[in-house]
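Student: One structure follows; several queries about it will come next.
The values are calculated or read from the model by the stated rules, or taken from the named source; none is laboratory data. The shown structure was predicted, so the numbers you read here are calculated from the model rather than taken from an experiment. Glycine gets a Cβ as well: all are built from the backbone with ideal geometry, and neighbour counts include every protein chain shown. Heavy atoms of the whole protein, side chains included, go into the accessibility calculation; ligands, DNA and RNA do not. Shrake-Rupley method; radii C 1.70, N 1.55, O 1.52, S 1.80 Å.
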Amino acid sequence: MDENKNIPMEEEDVTILTLHDDEGNEEQFEFLDLVEYQGKQYIILFPVDDDDIEIVILQVEEIEGNEEEEAYIAVEDEAILDSVYGIFKERFKDEFEFED
């Protein structure tokens, strides 16, 4: 997935991001959180139209030469995914029901 958008989430509003996969297909996601872990940022998203996927975690990378645009990169490292998800769960333990 890569799309160059950085839209802050407001407490009462739902922020929807439209991202493009490697084949150019558009997918919409609800922005849930931005987590910093080991000096990098990870965006937590919930797919709007796909009931099979629970959440998506992507690494945020700034595009060189343009501080206002970002790229979202798939995270392959399971340890990083588990750690970022753990931080997210701790932050929102009172707002969401998590299944382990």
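Student: Among the residues in the range 34-42, are any open to solvent by 60 Å² or more (accessible area, probe 1.4 Å), modelled with pLDDT under 90 and not hydroxyl-bearing (Ser, Thr, Tyr)?
Tutor: no
Student: With the structure loaded, tell me whether Gln38 is of a type in the set (S, T, N, Q) and out of contact with any strand residue (DSSP E or B) (no Cβ under 8 Å at 6 or more places or on another chain) or whether it fails that test.
Tutor: yes
Student: Quick one: count up the residues across the range 69-86 that are in contact with a strand residue (DSSP E or B) (Cβ under 8 Å, 6 or more places away or on another chain), assigned to a helix (DSSP H, G or I) and either open to solvent by 50 Å² or more (accessible area, probe 1.4 Å) or free of Cβ contacts under 8 Å to residues at least 40 places away in the same chain (or both).
Tutor: Residues meeting the conditions: 2.
Student: Moving on. Could you figure out which of (1) assigned to a strand (DSSP E or B); (2) open to solvent by 80 Å² or more (accessible area, probe 1.4 Å) isn't true of Glu97?
Tutor: With respect to (1) assigned to a strand (DSSP E or B); (2) open to solvent by 80 Å² or more (accessible area, probe 1.4 Å), Glu97 is out only on (1).
Student: Additional query: Please verify whether Glu61 is under 17 Å from Leu17 (Cα atoms), open to solvent by 70 Å² or more (accessible area, probe 1.4 Å), outside any loop (DSSP other than H, G, I, E, B) and not aromatic (Phe, Trp, Tyr), treating the condition exactly as stated.
Tutor: Yes.
Student: Please find, within the range 38-59, the residue that is farthest from Gly86 (Cα to Cα) out of those that are over 12 Å from the mean Cα position of the chain (by Cα) and aliphatic (A, V, I, L, M).
Tutor: Filtering first and then ranking leaves Val48.
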